[in-house]
Amino acid sequence: MLRMEREIVTRMQEGNQRGHSDPMLVSPQVRLATEDRHQELNAAQRQAVDEVFLSREKIVGFDGVAGAGKTTTLAVIREGVEAQGYTVEGFAPTSRAAQKLAEADIQTSTLQKHLTLGAKPDTGAQRLYVLDESSLASTQQMHEFVTRLHPNDRVLLVGDRRQHEAVEAGRPFAQLQQAGMRTVKLEEIVRQKDPELKQVVEQLARGQVVEAVQSLERQGRVHEIKGHEDRIAAIAKEYAKSPGSTLVVSPDNRSRAEINERIHAELQGRGVVSKEEHRIQTLVPRQDLTGPERTWAERYAFNDVLRYSRTSKETGIERGEYARVKSTDAEKNLLTVVRADGTERTYDPRRQQGVSVYREQEKVFSPGDRIQFTAPANDLKIANRELGTVEAIGQDGRLSLKMDGGRSLSVDPREHPHLDHGYAVTSHSSQGQTADRVLIHVDTDLGAKDLLNSRMAYVAVSRGQWDAQLFTNDREKLEAALGHDVSHSSAHAPEMKPEQKQEQKPEQAIAPQREIAPRHEQGPNLGIHL
């Protein structure tokens, strides 16, 4: 990590030095012509466009507060840069963020897909790479990205250092700014149409969580409901008042699923969702498994479903394959899986990268339900977390969907089991979304304390254009819970104290090898030929 951080910063600093002799990104003639065509930009957006066009550095940051109109600004930047002769390509660490970036008419894919495709040959062409939601990129991803750059490539790192950081280690976007990366700022909020709510978002952007919570309370936007079931029911009832323009944010997946089920039932009672119910076997991610834990055989359970995103010559497992866990040997750290064709593979999980782990769970869907995909469906050209509405469910179980982007799809859940209700999302999934109003669930007694923090508060509240309502079990603990700081540390951070370092995981007890059960004792077949 020390080496990668050093090399990322060095690449940026070398680009800064080279910038003394490099031309501006866009010539004065093209810059003026482009800006004159876009009178819709406010003064702050116009200033940001101007600064990007005038930049000479290889890597430039574009740090804007939530709701400042970064996508609108990027569309103008893309237009001017293309007029200068550059090819513009966009990336983002999440599918949802990539979709948002595409609204700026930038050819976009996920950062992970770009890295998987490997380095491109140097053709001498001029390219501008736009990496959106850069705060979500890890040190390893950023290192791999910048070390592949060619001499004529330039980079615009777009993000908000105050929003969520990467799940993996590192905080390169913030670290590059601290190391002197030229950074264009955009700090005038345009999303919030309600002046009082805009003031709250501005306070959260400045890190003034206590003042923001007090402002929300004065505005009547904080609701204390101590009982868990009563609180979930209140959120569902509030959602049902205006389902077409409301987003629900809950920090953990368990409460998110509970809210989804309650909203489904509430909308059924109001006739918005059909009472015709269809039970579907879905795949739910095992949230308890971290990346490092996936390298330990004993952390897997019998009948876990594995999805492989990378081909392995050593195991012979192909990208896109599914398999079920048959047994584990903790002493030898070996995992035995059954593939779709019935053959078995035994391997050391340290030797197989790109594995997602799921458990089967039955969910109930009805015509009228909001639905989301929880994994990409490449054959359907569906991105992870893409949303739609169930229009009909056939006798064969196929779902007729109307996606939010306007497309109509027919989906067989046996072939695409990564489905969930789309009413409530986690804070991480909400980043980049906009709704008329947002309902936020804050349980201060939540066991996973790190899920409640200042970044979650800032991201969640800033989703709403007109309204944001907080539902909590304890008003007195709200400020402390949402004021919690979960910012990553860099490997170079000298200020880290010994007690702040993550404790090493203790030796795990050796579990006995577990054999596969007879077919009749297994869970229901996924329908993906396992």
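Look at the stretch 430-448: where a residue is more than 18 Å from Asn260 (Cα to Cα) and a partner is surrounded by fewer than 17 Cβ atoms within 10 Å (Cβ to Cβ) and modelled with pLDDT of 80 or more, sitting 6+ places away or on another chain with Cβ atoms under 7 Å, you get Asp436/Ser245; Asp436/Trp466; Thr444/Asp474; Thr444/Lys477. The set of residues in the stretch 383-434 that are within 21 Å of Pro93 (Cα to Cα), in contact with a Gly (Cβ under 9 Å, 6 or more places away or on another chain) and aliphatic (A, V, I, L, M) contains only Leu387. Checking Gly170 against (1) open to solvent by less than 10 Å² (accessible area, probe 1.4 Å); (2) under 27 Å from Pro23 (Cα atoms), which test does it fail? With respect to (1) open to solvent by less than 10 Å² (accessible area, probe 1.4 Å); (2) under 27 Å from Pro23 (Cα atoms), Gly170 is out only on (2).
Yes/no per residue for (1) aromatic (Phe, Trp, Tyr); (2) at pLDDT 90 or above; (3) within 20 Å of Ile371 (Cβ to Cβ); (4) not in a loop (DSSP other than H, G, I, E, B):
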residue	(1), (2), (3), (4)
His416	no, yes, yes, no
His428	no, no, yes, yes
Asp436	no, yes, no, yes
Leu439	no, yes, yes, yes
Asp450	no, no, no, yes
Met456	no, no, no, yes
Gln465	no, yes, no, yes
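Among the candidates Arg370, Arg324, Arg345, single out the residue that is touching a residue at least 24 places away in the same chain (Cβ under 8 Å), farther than 27 Å from Thr94 by Cβ, of a type in the set (Lys, Arg) and open to solvent by 50 Å² or more (accessible area, probe 1.4 Å). Sole residue among the options that is touching a residue at least 24 places away in the same chain (Cβ under 8 Å), farther than 27 Å from Thr94 by Cβ, of a type in the set (Lys, Arg) and open to solvent by 50 Å² or more (accessible area, probe 1.4 Å): Arg345. Within the stretch 194-209, can you find the residues that are within 23 Å of the chain's Cα centre (by Cα) and closer than 16 Å to Ala435 by Cβ? Listed by number, the list holds a single entry, Val201. Is it true that Gly207 is surrounded by fewer than 16 Cβ atoms within 10 Å (Cβ to Cβ), within 22 Å of His428 (Cα to Cα) and not hydrophobic (A, V, I, L, M, F, W, C)? Taking the combined requirement at face value, the residue satisfies it. Among the residues examined, Arg359 does not qualify as within 25 Å of Val249 (Cβ to Cβ), basic (Lys, Arg), in contact (Cβ under 8 Å) with a residue 12 or more places away in the chain and touching a His at 6+ places or on another chain (Cβ under 7 Å).
If the condition is being in a strand (DSSP E or B) and either open to solvent by 50 Å² or more (accessible area, probe 1.4 Å) or at pLDDT below 90 (or both), then the stretch 250-283 contributes Arg279, Gln281. The residues listed here are Leu111, Leu74; of these, the one that is at pLDDT below 90 and closer than 19 Å to Asp153 by Cα is Leu111.
Looking at Arg162, Arg154 in this structure, which one is open to solvent by 40 Å² or more (accessible area, probe 1.4 Å) and either within 24 Å of Val49 (Cα to Cα) or not in a helix (DSSP H, G or I) (or both)? Result of the check over Arg162, Arg154: Arg162. Residues that are more than 22 Å from Leu136 (Cβ to Cβ) and free of Cβ contacts under 8 Å to residues at least 60 places away in the same chain within the stretch 160-201 comprise Pro195, Glu196, Lys198, Gln199, listed in sequence order. Kindly provide the set of residues from the stretch 183-202 that are over 11 Å from Ser462 (Cα atoms) and buried (at least 20 other Cβ atoms within 10 Å of the Cβ), ordered by number. Within the stretch 183-202, Val184, Leu186 qualify.
Would you say Asn260 is under 22 Å from Glu168 (Cα atoms) and among the polar types (S, T, N, Q)?
Details: under 22 Å from Glu168 (Cα atoms): no; among the polar types (S, T, N, Q): yes.
Considered against the rule, which asks whether it is under 22 Å from Glu168 (Cα atoms) and among the polar types (S, T, N, Q), Asn260 comes out as no.
The set of residues in the stretch 382-404 being in contact with a Leu (Cβ under 9 Å, 6 or more places away or on another chain) and open to solvent by 10 Å² or more (accessible area, probe 1.4 Å) consists of Thr389, Glu391, Ala392, Ile393, Ser400, Lys402, Asp404. For residues that are in a loop (DSSP other than H, G, I, E, B) and over 20 Å from Ala43 (Cα atoms), scanning just the stretch 62-103, find the one that is most open to solvent (accessible area, probe 1.4 Å). Ranking the candidates gives Glu103 first. Residues in the stretch 332-356 that are farther than 16 Å from Thr311 by Cα and in contact with a helix residue (DSSP H, G or I) (Cβ under 7 Å, 6 or more places away or on another chain): Asn333, Leu334, Leu335.
Can you list the helices (runs of 4 or more DSSP H) lying wholly within the stretch 165-242 that have 1 or more residues being over 25 Å from Glu266 (Cβ atoms) and modelled with pLDDT of 90 or more? Break it down into steps so the answer makes sense when it comes.
Working: elements: 172-178, 195-205, 209-218, 228-241.
It comes to 172-178, 195-205, 209-218.
The values are calculated or read from the model by the stated rules, or taken from the named source; none is laboratory data. Source: prediction; values computed, not measured. In this analysis, Cβ positions are derived from the backbone assuming ideal geometry, glycine residues included, and neighbour counts consider all displayed protein chains. Note: areas computed on protein heavy atoms with side chains; ligands, DNA, RNA excluded. Shrake-Rupley method; radii C 1.70, N 1.55, O 1.52, S 1.80 Å.
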